[in-house]
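**Q** Sending over a structure as structure tokens; questions will come in a sec.
Throughout, read-outs are computed from the coordinates displayed, never taken from laboratory work. As the structure is a computational prediction, the values presented were derived from the model and not from experiment. Glycine also receives a Cβ, built like all others from the backbone with ideal geometry; neighbour counts cover every protein chain displayed.
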Amino acid sequence: MSNRLVARRYAKAMVDLGLSQGSLQAIQKELAAIDALVRGNADLERLVAAPLVGPTKKAAAFDAVLAQANATEVVRKFFMVVAQAARLNLIHEIVTAFDELVDERMGVVNAAVSSTQSLSPSQAKALEASLSACTGKTVRLRWNPDAALLGGIKVQVGSTVYDASLLGQLRQLKIKLLTA
């Protein structure tokens, strides 16, 4: 089974737990803080990735770190289960999958916007409104600079790509000319 699928299963269990307790947003913030803590500390990164450290020892060490970080009991127990199942190395994937599932539940989609220049606040707002009307969901924009586009923008929402770039228009023109 792929790591992404395993991480998604753990994340779904945590989402279900958060929903049942009515603390989904609080758990999301706490998981993000723990993820940042692990990413920011090389020793913790080595601990969660270490294949030679037994699951029981890894669980105890990570629980001690979570206790120092004032993690809630729910989150500590969750990571105890994850660590004892020898899946603590998937912590970053679990947090990412958790965020995706929460976004899915809240009706939020991410849109990757590629352009040569960043959008002005009014352009970003208009694009968000337009994409929200198309998808029926709240849209979160993420800008990626791409000098190869020459001009215009390219937006990816899920698996759908909206290409309004000069490079995309040139490609379409080339296809039309070659097939005519």
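**Q** Could you work out the Kirkwood radius for the chain, taking every pair of different alpha carbons, averaging 1/r and inverting it, reported in Å? Let's see the in-between values first.
**A** Numbers: mean 1/r = 0.0526 Å⁻¹.
Hydrodynamic radius (Kirkwood, Cα pairs) of the chain is 19.0 Å.
**Q** By the scheme Lys and Arg +1, Asp and Glu -1, what is the net charge of all other residues having a beta-carbon under 11 Å from that of A111? Numbers along the way, then the final one.
**A** Values: positive: K137, R140, R142, K154; negative: E128.
Result for the neighbourhood of A111: +3.
**Q** Under a point-charge model restricted to the Cβ atoms of Lys and Arg (+1) and Asp and Glu (-1), what is the dipole moment magnitude of segment 1-106 relative to its Cα centre, in debye to the nearest 20? Don't skip to the end; give the middle numbers.
**A** Values: 13 positive and 12 negative charges, 66 e Å.
Using only the charged Cβ atoms, the result is roughly 320 debye.
**Q** Another question about this same structure. Over the residues of segment 83-172, compute the C-alpha Rg and express it relative to 2.2 N^0.38 Å.
**A** Numbers: Rg = 16.4 Å, N = 90, 2.2 N^0.38 = 12.2 Å.
This ratio for segment 83-172 stands at 1.35.
**Q** Here's another thing I want to ask about it. Would you count, across the chain, every pair of lysines whose alpha carbons are under 17 angstrom apart, provided the pair is eight or more residues apart or spans two chains?
**A** Working: K12/K29; K12/K77; K29/K77; K57/K77; K58/K77; K125/K137; K125/K154.
Final tally of qualifying lysine pairs is 7.
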